[in-house]
Every structure is written in C-alpha cells, then in structure tokens.
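Have a look at the structure below before the remarks.
The values are calculated or read from the model by the stated rules, or taken from the named source; none is laboratory data. Note that the coordinates shown come from a computational prediction; the quantities given were computed from them, not determined experimentally. Glycine gets a Cβ as well: all are built from the backbone with ideal geometry, and neighbour counts include every protein chain shown. Note: areas computed on protein heavy atoms with side chains; ligands, DNA, RNA excluded. Shrake-Rupley method; radii C 1.70, N 1.55, O 1.52, S 1.80 Å.
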Amino acid sequence: HSSPAEARSLAAHAQKIGATAISAVSPWYFKPGSVDVLVRCLAEVAAGAPQLPFYYYHIPSLTGVALDMVEFLRQAPAKIPTLVGLKYTAPTVDELQACLDFEGGRFDVLFGRDEMLLSGLAVGARGAIGSTYNFAAPLYRRLIAAFERNDLAAARECQARSVAMIRIVLKSQTLSICKYLMKLLGVDCGPVRLPLLTGDRDEEGRIEKELRAVGYFDWGVK
C-alpha cells in the first residue's frame, strides 16, 4: 500500500497469520525525497510485524524512488531493527556490489534483474528473485551451475538466451504473457488485474511463435 499506515496494518496481518517475512516498496505517489524519510516510512511498516524479518524492495523503475541504497543500509538498522536485506531490482551493478559488501556482507541482498543475473553473480549475489525464473528455471539453473564451475562461455550463452527471451516477452502485456507461459507449463495463475491488461489470443500466439523461433521451448523449460 502507498500509505505507510495502511501497509503497517497489512504487515500486522501477515505476522498474525504466520508469514515467514515481510517486504515493502517505497511509497510511490507522494515519494520520500531522502533516505531519512524513506527509512521513517519503512520503519512504520516494519513496526506492524516486529517479530518478522523485513526486506526493502528497491525497484525504482516502478516506484520512481532511486535513493542511495548503501546509505539506506547504513541508516536503516537504527530505526528498523528487523531489517535483514533488500530485493535489489535495478541495473546499477556497482551499487548492488556495494550493498552486498556493506559491513562484510551483513545484509541479504537478492538481485531482481533476470536479464543481468550473470552480472549479479559476478559481483557476489547469492540469491535472486525474478519473474522469468518461474517459467525458465532450467535455463537459469544451468547459468548458475556454469558460473560456479567457472565456465563463463556457457554462462554467457545462458544469459544471452535469457536476454532474447525477455526482449520478446517485453513486447507484450508483459505480466499477462508471463501468466500465459505458466499456463502452457501446466500452472494456471489466472488473469492479471487492472490496471494491467490481459493479452488477446493473437498477441499470445505471436509471442509463443517468436519464443519457439529462438528455441525457448527447448532450452527454457528443459
């Protein structure tokens, strides 16, 4: 919720029903103009669930809030004692690395750019969360395995296929197509909700055809 007070009540509900952890994005309508204000907003949310680990979801492409995340990690613990990390969804790998290295790797920083996973691994990311991992997990598992055995050529090939796949998906009603691909794999996640739009049959067919042309149904799901 864009209101910290409303988000706090949702956090309390999450704790009450047994959630493992909670996460929140920045307010996005009236935006915090400094790290201090962001921390104060998130502290109110986290206070609703004082027994649960808290992650800040940094995604400036959607919230419009692109504050310094290293400074956030420096300031936040004093007011958010339950802070354990970030979901870092931005292409600024230098800042991602700085967050990963902050205070000896104190925080759990999860990378959120699927098309840049190899870059994240190269600077020390140990975990990632992404939309396309749901319907191309075998590809990303091979990428990670190749990186771990120092086979950068194979890792780059996997990442290149990821980029090709994502470029096709981004031509469409993206989240609707993500759900369509999940349905093709046997997991019906239902339709998107407004303000997102559901792609029509022609769009779904076009995207599926383009994905078949680049081999997605061979290397993405097997």
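Numbers below:
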{"quantity": "Cβ-Cβ under 9 Å pairs, at least 6 apart or on other chains, the range 210-222 side farther than 16 Å from residue 138 by Cα and in contact (Cβ under 8 Å) with a residue 40 or more places away in the chain, far side open to solvent by 60 Å² or more (accessible area, probe 1.4 Å) and part of a loop (DSSP other than H, G, I, E, B)", "calculated": "210/171"}
{"quantity": "Condition met for residue 202 (under 22 Å from the mean Cα position of the chain (by Cα) and acidic (Asp, Glu))", "calculated": "no"}
{"quantity": "Those residues of the range 188-222 which are among the aliphatic types (A, V, I, L, M), open to solvent by 70 Å² or more (accessible area, probe 1.4 Å) and not in a helix (DSSP H, G or I), in sequence order", "calculated": "194, 196, 197"}
{"quantity": "Set 145, 160: member being closer than 26 Å to residue 85 by Cα and among the aliphatic types (A, V, I, L, M)", "calculated": "145"}
{"quantity": "Residue within the range 86-105 that is assigned to a helix (DSSP H, G or I), among the polar types (S, T, N, Q) and under 13 Å from the mean Cα position of the chain (by Cα) present", "calculated": "no"}
{"quantity": "Answer residue from the range 84-117, given it is of a type in the set (Phe, Trp, Tyr) and under 21 Å from residue 141 (Cα atoms) and is surrounded by the fewest Cβ atoms within 10 Å (Cβ to Cβ) among those", "calculated": "88"}
{"quantity": "Restricting the range 16-55 to residues that are open to solvent by 50 Å² or more (accessible area, probe 1.4 Å) and polar (S, T, N, Q), the residue that is farthest from the chain's Cα centre (by Cα)", "calculated": "51"}
{"quantity": "Within the range 118-133, tally of residues that are open to solvent by 20 Å² or more (accessible area, probe 1.4 Å), among the hydrophobic types (A, V, I, L, M, F, W, C) and part of a loop (DSSP other than H, G, I, E, B)", "calculated": "2"}
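Rundown of residues vs (1) surrounded by fewer than 15 Cβ atoms within 10 Å (Cβ to Cβ); (2) touching a residue at least 60 places away in the same chain (Cβ under 8 Å); (3) within 18 Å of the chain's Cα centre (by Cα), yes/no style:
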residue: 135; (1), (2), (3): no, yes, yes
residue: 139; (1), (2), (3): no, yes, yes
residue: 148; (1), (2), (3): yes, no, no
residue: 152; (1), (2), (3): yes, no, no
residue: 156; (1), (2), (3): yes, no, no
residue: 165; (1), (2), (3): no, no, yes
residue: 170; (1), (2), (3): yes, no, yes
residue: 179; (1), (2), (3): no, no, yes
residue: 186; (1), (2), (3): yes, no, no
